[in-house]
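The values are calculated or read from the model by the stated rules, or taken from the named source; none is laboratory data. Predicted, not measured: the structure shown is a model, and the values here were computed from it. A quick note on method: Cβ atoms are made from the backbone with ideal geometry, for glycine too, and the neighbour counts reach across all protein chains shown.
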Amino acid sequence: MKNYLFLLVLLSIISLKGHAQSNNERFPEFPQCVDVDFTNKETCFKNTLREFVLNNYQIPAEVSREGYKGEITVIFEVDKSGVFNIIYTDAAYSGLKEEMQRVFDLLPQIEPATYNARPIFVQFKMPVKIPLELNMEQFSMTSEDITEASGVFPQNDEKDLTDEYDEIQSGEFTRPRYESQINIPLSHEFYSRFDAEFNKIGVNTHSGSKPLLFSEVSEYYDFKAEEDKMLRDANSWFGRKLSNEHLVQYQTEDYWFTLDFALDLQLGKDFQQTEFDFTYNNTRALIFQGGLGKNFNFYTVVYENQGRFADYYNRFAESLRPDGGDPAIIPGRGIAKPFMDEGYDYPVAEGYLSYAPNKFFNLQFGHGKNFIGDGYRSLLMSDNASPYPYFKMNTTFWKLKYTNTWMSLRDVRPAVTENGSFRTKYMANHYLSYNVTKRLNIGLFESVVWENDNNRGFDLNYLNPVVFYRAIEFSTGARGGNAVIGLTSKYKFSDQINVYGQWIIDEFSTSDVFGGQQSWKNKLGYQLGIKYFDAFKIPGLFLQAEYNQVRPYTYTHNTGVLNYGHNNQSMAHLWGSNFREILAIARYKKDRWYGDAKVIYGKRGFDFNMANDQFAYGGDIYTSERQRPFETGVKIGQGNTAYSLFSSVEAGYIVNPATNLKLYGSFIYRSFNPDVKTPQNFDNTTSWINFGLRTDIFNWYYDY
């Protein structure tokens, strides 16, 4: 009886606020109301709707059981085709929303409302008080308790805008990022969470072009459900923001945004470093992301950083120093200024605009990084270098995904600086991913680097998204650009085991490649790897093994500026070229706890850079290949051969899954042993322990 009375009250007051139906306006019409005279059409519509809801609506038991007191608000419409739609429901219980939605889903399609004989939509706002007894007071009120949510029929009265500011309020936050055109941040640990689902046999996905969009992955991996598993019971505002939510989260029907304060606080000890007691990193950042409509998204993050690291890492950062007096470039981050006791201050900013005009295209313009491949490393395009401006177009249809990326890069060496300004160069690449079968994927890659010589600027020849770059390089002059081509592949033996590979060709001379004399022109590299998901039937255990090798002089050029680098760092493998390496990685995650272990062993070849030996042996991509010591007999590891071992373990706790904030501890052991000790390369062993609190949204690479 209570339920019946409640619904009787609720539906009896559905009407328009301060508006009488005129002769050229018709209310929505149920079939039962066809023969009703015009003046009673509105009453018939409401009575028919009332009867339908009375017969179908059931009050959720939990509302009565828990003695809840409050109010829900329902906004619904009858659209131009006569279909009922709930636009928004604001309620403290999901059951109240779900039951109202269920009832409205049962409503039939009816004749729509019209104005001047043209179909229009009708929209209403309906408040409902809980418990039901409180609606007895509403029963005696006028029909103004149900107000018009938006214009239904044209009216002569001017719209009252004095409440417009107060009406700007957030609705329920549904975590829209997980269905948006926002990039999934390049974090190896985060990607390993959904890698298995995204690479199952039979799915038509493309995992080689990264960063992936949340909308690409959400069809195969339920981000919300996985995040829900990690949510903690937190009643206070501080507890929710610390453990479960974004600092600021706002959502309406038309737009949404979040604002977060991010951290990367590290404190550690390099036990071989005697000059300083501790290593540290102090990063504070603001992350602002959101969406306007369904097709346009934005993301920006601004970092303020100070740090001092283990000795080997500091020396490597200082070896990258740019022209102009700054002491270092922090690998993967950017140019650093001096800070206190031989520390570094290195501000970083990243961001992009992402637009999807339809389901086939995604366009991005931003400042950040990109990655090509399925491995831990990439020989084609990696996230090793510091951020750069780019424009990217992803085209996905049938069994194809085609990625075009155009980039503006910098050469910051003193030797090429002009009038105190860093040298500008440009890069364009194409990557075509094709699912040949439900198990096999192959990819074709090509890239070209050119400089602003003769005021050439951004060469419009390279804007063509489907052209073969080798042909353009030939037409503009062999010295006008440096083109490389590559091949990727992936095969799914099962849902648990994937194998993958890459092949990079910087220069291909058939007579030299197959001549058997190991010519310097054999500028090749390849990668082989395997992934094992839920290894040994242990959920959350991920194992990976990978082999990489790149021959000397790959990525270099006889015109030094045209190397495959940016800000004195390689755009591919962080070791440049002239190396072999094998690596093994294990990752495990359960609830909010995670851990990983990594071992990397490699053979590398360095230049001597001594008075009696100034030759380029092919490991440094920033040296000219014209300085090579010999034409043939070129082998990996030539020059000052060094063997390196890098191992690390990390374990931590995910403090907030919404922002990927982690509390962790790590230990790194590194040994480096060259044949000849030089000022740049000498025997070095490092034991480095670290503890930190970090928002994990980019990859730190310490394995140099």
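Counting only strands (runs of 3 or more DSSP E) wholly contained in segment 109-219, no element carries 3 or more residues that are of a type outside the set (A, V, I, L, M, F, W, C), at pLDDT 80 or above and crowded, with 16+ Cβ neighbours inside 10 Å. Residue 672 meets all of the listed conditions (1) crowded, with 16+ Cβ neighbours inside 10 Å; (2) under 23 Å from residue 283 (Cβ atoms); (3) aromatic (Phe, Trp, Tyr) but one, namely (2). Inside segment 43-96, residues that are of a type outside the set (Phe, Trp, Tyr), under 40 Å from the mean Cα position of the chain (by Cα), within 30 Å of residue 118 (Cβ to Cβ) and not in a loop (DSSP other than H, G, I, E, B) make up a count of 9. Checking every residue in segment 278-285 against the condition of being modelled with pLDDT of 95 or more, of a type in the set (D, E, K, R), in the same structural domain as residue 664 (by TED's automatic domain parsing) and in contact with a strand residue (DSSP E or B) (Cβ under 9 Å, 6 or more places away or on another chain) gives at least one match.
Scanning segment 344-358 for residues that are small (Gly, Ala, Ser) and surrounded by fewer than 19 Cβ atoms within 10 Å (Cβ to Cβ), which turns out farthest from residue 179 (Cα to Cα)? Restricting to residues being small (Gly, Ala, Ser) and surrounded by fewer than 19 Cβ atoms within 10 Å (Cβ to Cβ), the top hit is 349.
Just give me the residues in segment 576-615 being of a type in the set (A, V, I, L, M, F, W, C) and in contact with a Lys or Arg (Cβ under 6 Å, 6 or more places away or on another chain), in sequence order. Reasoning before the result, please.
Initial filter on segment 576-615 (of a type in the set (A, V, I, L, M, F, W, C)): 579, 582-586, 593, 597, 599-600, 606, 608, 610-611, 615.
Matches in segment 576-615: 579, 585.
From the set of residues in segment 229-257 that are within 20 Å of residue 592 (Cβ to Cβ) and among the hydroxyl-bearing types (Ser, Thr, Tyr), which is surrounded by the fewest Cβ atoms within 10 Å (Cβ to Cβ)? Of everything passing the filter in segment 229-257, 236 is surrounded by the fewest Cβ atoms within 10 Å (Cβ to Cβ). Just wondering, is there one or more residues in segment 361-376 that are over 24 Å from residue 257 (Cα atoms), surrounded by fewer than 22 Cβ atoms within 10 Å (Cβ to Cβ), of a type in the set (Phe, Trp, Tyr) and more than 17 Å from the chain's Cα centre (by Cα)? No, segment 361-376 has no match at all. When the strands (runs of 3 or more DSSP E) confined to segment 394-452 are screened for residues that are of a type in the set (Lys, Arg), those reaching at least 1 such residues are found at 400-411, 423-435. If you take the residues of segment 449-489 that are in contact with a Leu (Cβ under 9 Å, 6 or more places away or on another chain) and among the hydrophobic types (A, V, I, L, M, F, W, C), which of them is modelled with the highest pLDDT? Selected residue: 487. If I filter segment 278-285 for residues that are touching a residue at least 40 places away in the same chain (Cβ under 8 Å), basic (Lys, Arg) and either part of a loop (DSSP other than H, G, I, E, B) or surrounded by fewer than 19 Cβ atoms within 10 Å (Cβ to Cβ) (or both), do I get at least one hit? Scanning segment 278-285, I find no residue that is touching a residue at least 40 places away in the same chain (Cβ under 8 Å), basic (Lys, Arg) and either part of a loop (DSSP other than H, G, I, E, B) or surrounded by fewer than 19 Cβ atoms within 10 Å (Cβ to Cβ) (or both), so the answer is no.
Evaluate the following for residue 327: is it more than 27 Å from residue 413 (Cβ to Cβ) and surrounded by fewer than 22 Cβ atoms within 10 Å (Cβ to Cβ)? Considered against the rule, which asks whether it is more than 27 Å from residue 413 (Cβ to Cβ) and surrounded by fewer than 22 Cβ atoms within 10 Å (Cβ to Cβ), residue 327 comes out as no. In segment 588-636, what residues are charged (D, E, K, R) and surrounded by fewer than 15 Cβ atoms within 10 Å (Cβ to Cβ)? Result: 590, 591, 613, 626, 631, 635.
Looking across segment 38-90 at every residue that is small (Gly, Ala, Ser), without any contact (Cβ under 8 Å) to a residue 60 or more places away in the chain and more than 14 Å from residue 104 (Cβ to Cβ), the one that is surrounded by the fewest Cβ atoms within 10 Å (Cβ to Cβ) is identified as 61.
Taken together, the criteria place residue 260 among residues that are among the charged types (D, E, K, R), crowded, with 21+ Cβ neighbours inside 10 Å and at pLDDT 95 or above. From the list 608, 698, the one residue that fits, being out of contact with any His (no Cβ under 9 Å at 6 or more places or on another chain) and over 30 Å from residue 228 (Cβ atoms), is 608.
Of the residues contained in segment 355-368, one or more are found to be touching an Asp or Glu at 6+ places or on another chain (Cβ under 7 Å) and outside any loop (DSSP other than H, G, I, E, B).
In segment 490-506, the residue that is surrounded by the most Cβ atoms within 10 Å (Cβ to Cβ) out of those that are modelled with pLDDT of 95 or more and of a type in the set (Val, Ile, Thr) is 504. Of all residues in segment 288-322, which are surrounded by fewer than 18 Cβ atoms within 10 Å (Cβ to Cβ) and either touching a helix residue (DSSP H, G or I) at 6+ places or on another chain (Cβ under 8 Å) or within 24 Å of residue 622 (Cβ to Cβ) (or both)? Correct list: 315, 318, 319.
Select, from 648, 644, the only residue that is in contact with a Gly (Cβ under 6 Å, 6 or more places away or on another chain) and either at pLDDT 95 or above or surrounded by fewer than 16 Cβ atoms within 10 Å (Cβ to Cβ) (or both). Step through it out loud before you land on a result.
On the way: 648 fails: in contact with a Gly (Cβ under 6 Å, 6 or more places away or on another chain).
Matching residue, one of 648, 644: 644.
Residue 386 - would you say it is in contact with a Pro (Cβ under 9 Å, 6 or more places away or on another chain) and assigned to a strand (DSSP E or B)? No; evaluated as a whole, the condition is false for this residue.
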